[in-house]
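K.L.:
One structure, pasted below without further comment.
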Amino acid sequence: MNLSLKPRLISTLTVLLLALIFPLFAQEKEVLTPVPFSQAPYLIGERLTYNVSFSNFPSAAHAEVEVVSRGVYFGRDAIQLRGHVETTGVINVALYAINNDYVSYIDPSTGLPFHSEETARDAIKSADSSDDLNLAAGNEAIPPKQNAFPGAYDFVSAFYRARALPLTNGAAYNFSVHGEATNYQAELKVVGKDMIRTNVGSFSTIVTQIKINNSDIKNLRVYFTEDERHVPVLITARVSGGELRAELAGSEILKPAIETPSPTPAIVAAPMPSPSPPPAAASPPALSADLPFTVGEQLNYQVFIGTNNSPMGLATFQVRGRQRYFDRDGVFLTVSAQTTGAAARVFIANDKIDSYVDPKSLLPYRTAMTLVENQRRLNQILTFNQEGGTATTDKGTRIEIPVSTHDYVSFFYALRTFNLTPPRKSAVSVLVENEPKTLFVDALKRETLQLGDRSVPAIALSITTDDPQPDKYQLRLWVSNDRRRLPLRFTCTTQLGPLRADLAILPTAAQ
């Protein structure tokens, strides 16, 4: 893996996700004219979630942008915007770790930010910064020779100001981008319309093409919904390391903490009050405290084959979020796995499975699979009717299943909620290759497991099937002997030899 891609990748991710479009005023046909400002994108409580793929990595990062609330901030009427960008999976472990938060306070009538805050984190350190922007008011905010570009935008406010553009067919907008101490000049052009399919639905979109000077980003396109909110549902670009693709993964409207501006107090001769602290933003419903995991948990595994001590593959499990997915309350679980190094020359695997499950039962109601395994390719979406005992593919094939049937990912998390006190036995139905199978989980014994230089109290489990050869693959699993029931190690037999997957970084904080 080319580690020299680190700075370029993170710069590209940041620009793509939060500062793709930095429109201030439009320039059409060489004549500077102000662009109408739409209030529609600033819907209080709106939260958009994006999944980012990069090159052969189906889940390189995720991002969230949110219109948090409207109220009095720092002594003036404002809208609070929030953004979050975080690398995940292999990119986070092997290439570059980033976990950044952005907060912007904007003027509701113009979209201009007056206060901006940023928290940038990597695997080693964290840094906080804040800026006061556009402090002058009225015409004084526009220098005489710069009235085409009034004020400055930060990353998050730029994202929303772009959506407030009219985006009329054939229009071209020149704009300036400032990010990571670099200024970019760019042109956004509306080039047509297209129907885009994502995991959250199909959308009729306005297609825009962006050209950025002095940038390695090529063929950058943003697809906005045709309605007045102009939601970006897909962003694609080419960089030197491969293709970057940000796809809308979730959209919801949260109940805002403050829905209307606070009334303006009467002017009195008194000392100026301290800035009002921002009100707490509304949060999605938390997972039950009885569950052994929380939203945001990420477990990274290194995969070993035979006696080789070099990892031959990587796998990442993640609890991505809880909100409304596909018109119902759900928890978004995901796993990505791929072979690396010498194993990839023998067997190419690059798999990703997204599972949307009920928050109480953890039973899936929708599963999306993208599997690449040598010559095998599978793209499939399954819709579960747990009460009716059916699962239906995106091609209309109906599969009869027992009530309470899991997919691969939901089984991984549901297993952690079982009573695993030795010698307890459990049985569960799992859909395997479009066929329901009964898996039997036997809690064998308590023992101490050696993970690297750490000795971890664990419970050994045996997992067998209802096939004629129930223990054909000799699947064994060790989970931590605490309430988290962290899966620490998997072992099984494969065509390539014995396989072992070890948890790469053991979390130390109790959940």
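The values are calculated or read from the model by the stated rules, or taken from the named source; none is laboratory data. Being a predicted model, the structure only gives us computed values, none of them experimental. Every residue, glycine among them, receives a Cβ derived from its backbone with ideal geometry; neighbour counts consider all protein chains shown.
K.L.:
Could you list, in sequence order, the residues of region 474-501 that are in contact (Cβ under 8 Å) with a residue 40 or more places away in the chain and surrounded by fewer than 16 Cβ atoms within 10 Å (Cβ to Cβ)?
P.N.:
Hits for region 474-501 are Arg483, Thr494, Leu496, Gly497, Pro498.
K.L.:
So, one more: Condition first: of a type in the set (A, V, I, L, M) and crowded, with 21+ Cβ neighbours inside 10 Å. Now tell me which residues in region 316-334 satisfy that.
P.N.:
Just the residues of region 316-334 that are of a type in the set (A, V, I, L, M), to begin with: 319, 331, 333.
Val331, Leu333, listed by residue number.
K.L.:
If you take just the strands (runs of 3 or more DSSP E) that sit entirely in region 85-189, which of them hold at least 3 residues that are modelled with pLDDT of 85 or more?
P.N.:
99-106, 113-121
K.L.:
Within region 213-230, restricting attention to residues that are part of a strand (DSSP E or B) and without any contact (Cβ under 8 Å) to a residue 40 or more places away in the chain, which residue is farthest from Thr168 (Cα to Cα)?
P.N.:
Only one residue tops the list, namely Lys218.
K.L.:
Please work out if Ser355 is under 18 Å from Leu415 (Cα atoms), of a type in the set (S, T, N, Q) and in a loop (DSSP other than H, G, I, E, B).
P.N.:
On the way: under 18 Å from Leu415 (Cα atoms): yes; of a type in the set (S, T, N, Q): yes; in a loop (DSSP other than H, G, I, E, B): no.
So Ser355 fails the test.
K.L.:
Taking the condition of being surrounded by fewer than 18 Cβ atoms within 10 Å (Cβ to Cβ) and part of a loop (DSSP other than H, G, I, E, B), how many residues in region 396-407 meet it?
P.N.:
So the count comes out to 5.
K.L.:
Further question: Tell me the residue from Asp216, Asp194, Asp227 that is more than 30 Å from Ile381 (Cβ to Cβ) and acidic (Asp, Glu), please.
P.N.:
The conditions single out Asp216.
K.L.:
Sticking with this structure for a sec: Could you tell me whether Glu30 is assigned by TED's automatic domain parsing to the domain that holds Phe114, modelled with pLDDT under 50 and surrounded by fewer than 22 Cβ atoms within 10 Å (Cβ to Cβ)?
P.N.:
Yes; evaluated as a whole, the condition is true for this residue.
K.L.:
Could I ask something else about it? Which members of region 281-326 meet the condition of being among the hydroxyl-bearing types (Ser, Thr, Tyr) and in a strand (DSSP E or B)?
P.N.:
Passing the criteria: Tyr301, Thr316, Tyr325.
K.L.:
Look at Val372 and say whether it is more than 15 Å from Ser355 (Cβ to Cβ), at pLDDT below 90, under 33 Å from the mean Cα position of the chain (by Cα) and in a strand (DSSP E or B).
P.N.:
yes
K.L.:
Moving to a separate point now. Inside region 358-368, can you point out the residues that are surrounded by 18 or more Cβ atoms within 10 Å (Cβ to Cβ) and either over 30 Å from Ala289 (Cβ atoms) or not aliphatic (A, V, I, L, M) (or both)?
P.N.:
Matches in region 358-368: Pro364, Tyr365, Arg366, Thr367.
K.L.:
Still on this structure, please answer the following. Taking region 337-379, which residues are in contact (Cβ under 8 Å) with a residue 40 or more places away in the chain and either over 19 Å from Ser59 (Cα atoms) or among the aliphatic types (A, V, I, L, M) (or both)?
P.N.:
Ala343, Val346, Phe347, Ile353, Val357, Pro359, Lys360, Ser361, Leu362, Leu363, Pro364, Ala368
K.L.:
Next question. For region 408-436, which positions are within 19 Å of Val319 (Cβ to Cβ) and either surrounded by fewer than 14 Cβ atoms within 10 Å (Cβ to Cβ) or not β-branched (Val, Ile, Thr) (or both)?
P.N.:
Residues satisfying the conditions are Tyr408, Ser410, Phe411, Phe412, Tyr413, Ala414, Leu415, Arg416, Phe418.
K.L.:
Hey, another quick one. What residue, of Leu444, Leu439, Leu382, is hydrophobic (A, V, I, L, M, F, W, C), surrounded by 19 or more Cβ atoms within 10 Å (Cβ to Cβ) and closer than 21 Å to Ser480 by Cβ? Lay out the reasoning, then the answer.
P.N.:
Values: Leu444 fails: surrounded by 19 or more Cβ atoms within 10 Å (Cβ to Cβ); Leu382 fails: closer than 21 Å to Ser480 by Cβ.
Going through Leu444, Leu439, Leu382 in turn, the sole match is Leu439.
K.L.:
Only one of these conditions is not met by Ala266: (1) at pLDDT below 65; (2) surrounded by 11 or more Cβ atoms within 10 Å (Cβ to Cβ); (3) of a type in the set (A, V, I, L, M, F, W, C). Which number is it?
P.N.:
Status for Ala266: all satisfied but (2).
K.L.:
Quick check on my filter: what residues within region 38-78 are modelled with pLDDT under 90, out of contact with any His (no Cβ under 9 Å at 6 or more places or on another chain) and among the aromatic types (Phe, Trp, Tyr)?
P.N.:
Of everything in region 38-78, those that are modelled with pLDDT under 90, out of contact with any His (no Cβ under 9 Å at 6 or more places or on another chain) and among the aromatic types (Phe, Trp, Tyr) turn out to be Phe54, Phe57.
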